[in-house]
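The values are calculated or read from the model by the stated rules, or taken from the named source; none is laboratory data. Everything quoted here is computed from the prediction, not taken from an experiment. Note: ideal-geometry Cβ built from the backbone for every residue, glycine included; neighbour counts use all protein chains shown.
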Amino acid sequence: MVLRNKRLLMVANMIPKCECMADIGTDHALLPIYLVLNGKCNRAIASDVKIGPLQSAEKNIKRHHLSDKIETRLGSGFEVLKTGECQVSVLAGMGGILISRLIEDSFDIAKETPYLVLQPNTEEASLRKYLFDNGFEILDENAVMDRGHCYLVILCRHVPGLVSEYDEIDLIVGKVLNKKDTEGRAVYYQELRQKADKVLRKLEKVKNRTEEIEKRIVEYKKVVRWIDENVEGI
């Protein structure tokens, strides 16, 4: 099986080899099917909060003759899992705030999972803040441009007693991603710069600016300045 979706392939490449992985919000189960077929994991759990996507997942799993390797479960977030059942759990294709809430709702299970692979479609800074504030270590980050949208993926783990130091710019640009010299880093910062420029143009056109608008202008200017000073060719 070939993953033609660049976003899912990026997520797959971030997943450590393991005995069992869980794909939370699996949709069509393409990710666990790919991982099992390519020997990245021996078993997988594919879960979804909606019955429709789960039925589609079951059909795809049967079509690839993997019903003995991939189990489907109906439910929300980590509540479908038992503590220590999987070595890797994936939450991909949802907002960063929702990902944070799903972790928080079943924190005891989430923190005992050796690795979490998170792919937020929005609110990356909010997700990073949640992870830093709740004892998670970000091990790796990457990004890819797929069908006109830039997607980020985060590999992390919970470390008891960990206290992370960070500032607001770290949440926006990603301390770990900044240390990498990859195409994904360049793509992410290029997209971030374009978004910041677009928002700034709109905010600076506002005639009667409130204190909140002035604050946002300062914040976005900091992002633009950081990118200009730290990223070549943007």
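The sole residue among Asp48, Asp27, Asp23 that is modelled with pLDDT under 95 and under 23 Å from Ile103 (Cβ atoms) is Asp27.
Can you find a residue in the stretch 13-25 that is among the small types (Gly, Ala, Ser), surrounded by 19 or more Cβ atoms within 10 Å (Cβ to Cβ) and either touching a residue at least 12 places away in the same chain (Cβ under 8 Å) or in contact with a Phe, Trp or Tyr (Cβ under 6 Å, 6 or more places away or on another chain) (or both)? Yes, the stretch 13-25 contains at least one residue that is among the small types (Gly, Ala, Ser), surrounded by 19 or more Cβ atoms within 10 Å (Cβ to Cβ) and either touching a residue at least 12 places away in the same chain (Cβ under 8 Å) or in contact with a Phe, Trp or Tyr (Cβ under 6 Å, 6 or more places away or on another chain) (or both).
When residues in the stretch 32-56 are screened for being farther than 16 Å from Ala12 by Cβ and of a type in the set (Gly, Ala, Ser), 3 of them pass. Against the definition (part of a helix (DSSP H, G or I), touching a residue at least 24 places away in the same chain (Cβ under 8 Å) and either surrounded by fewer than 17 Cβ atoms within 10 Å (Cβ to Cβ) or not β-branched (Val, Ile, Thr) (or both)), how does Tyr188 come out, yes or no? So Tyr188 passes the test. Checked against (1) among the β-branched types (Val, Ile, Thr); (2) more than 21 Å from Asp68 (Cα to Cα); (3) surrounded by 21 or more Cβ atoms within 10 Å (Cβ to Cβ), Ile33 passes all but a single condition, namely (2). Cβ-Cβ under 6 Å, sequence separation 6+ or interchain: first residue in the stretch 30-41 and without any contact (Cβ under 8 Å) to a residue 12 or more places away in the chain, partner in a loop (DSSP other than H, G, I, E, B) and among the basic types (Lys, Arg). Which pairs? Close Cβ pairs satisfying both conditions: none exist.
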